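A short worksheet on the structure shown next.
Quick note: the coordinates plus some simple rules give every number you see, no bench work behind them. Keep in mind that what you see is a predicted model, and the values were worked out from it rather than measured. With ideal geometry, Cβ positions are generated from the backbone for all residues, glycine too; neighbour counts draw on all protein chains shown.
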Amino acid sequence: MTQLSAMALSLVVEVSCLCMLWRAGFLRSREASAGRVGMAGIVATSVTHPIAWHAMAWLRPMVEDWWARASLVELGVVGVEAGVFVVLLRLSVLRGAAVSAIANAVSFGLGLIWVSAASGGPSCPAGFVEDPARTAAIEALVGHRVHLAMCFGEVRERGQRDPEGRLRLDADTPLPLLAARVAHLEHHVAPDGHGPSCVDRLLREEAVGWTTELLVRERLGVSDPSCPVEAAMGEGPSLRAVERWLSTSSDPLAEARRHSHRRRCGQ
């Protein structure tokens, strides 16, 4: 969902909600005519929606959890819109806050339902959306159809594969780097298990994934200087070199992978 479509949905839902509250007698006051109620809803949403949309990104470095960040933003929106209703509709502060909370709760809930219903494949988790245009662009860069649902949102790493098999991809990452990450994640298919070969199997899978990602980056002419695997490989990454780095490096990324492999294998 784009910012424009999200704002249009919010306007329709919140103004409709305010009008229903007015008809129910909840907004009756000397200043609260039907037209004034509708105008107040348009003004309130037009003021707060662009700020709220960008605030989700602004707060990301300080509040990583999507639900916590969304709650903070919605509280701010409710406060500002309550002030608009108090001024334009001459409501009491308590009633203005109640009206704002009701309208925004309905708008937020329907927005989540809209995003889920509009997706063409498996629904994305909270905080993530499907983006057909971006998905098509990634598949064009990868060079083949990706048979995994792509969900775009905020991910600490560029992308992860969740237990449901969906790709959770960072929406702020440039498409070429994201395409390379998708090519990597396609190789994560080995199930958890036990036995003497379990860790070796997961290590091999990880090495294949990273080698693929680095080769796709090289083909697309992009790089990430902050990536420790890329920095360690230098020119011409090879599967053997990546596997050796993952199994012996003291870098936190390599150590985290080895710990994850042992945990998945019950060791």
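The table for this structure:
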quantity	calculated
Sorted by Cβ neighbour density within 10 Å, fewest at the top, the residues 212, 45	212, 45
Globularity ratio of segment 121-171, using Cα Rg and 2.2 N^0.38 Å	1.04
Cβ crowding within 10 Å averaged over residues, with 70-80, 219-229 ranked highest first	70-80, 219-229
Label-point separation in nm, residue 231 to residue 54, each point 7 Å along Cα→Cβ	3.3
Nearest-0.05 FRET efficiency for residue 188 and residue 223, computed from C-beta distance (R0 25 Å)	0.65
Sum of -39500 (n - 2.57) over DSSP H runs of 4+, divided by residues of the chain (222 nm, nearest 500)	-21500 deg cm²/dmol
Two-site FRET efficiency, residue 239 against residue 126, from Cβ-Cβ distance with R₀ of 45 Å, rounded to 0.05	0.75
Only Lys, Arg (+1) and Asp, Glu (-1) charged, at Cβ; the chain dipole about Cα centre in debye	720
Of the DSSP H helices in the chain, those whose Cα atoms cover at least 24 Å axially and whose Kyte score averages -1.0 or more	3-23, 34-58, 66-89, 93-118, 198-220
Binned Cα-Cα distance frequencies in the chain - 10 Å width, integer %	6, 24, 25, 18, 13, 9, 4, 0
With 5 Å bins from 0: P(r) over segment 187-267, alpha-carbon pairs, percent	3, 16, 26, 24, 16, 9, 5, 1, 0
Debye intensity ratio in log₁₀ form over the Cα atoms of segment 3-118, taken at each q of 0.10, 0.13 Å⁻¹	-0.29, -0.48
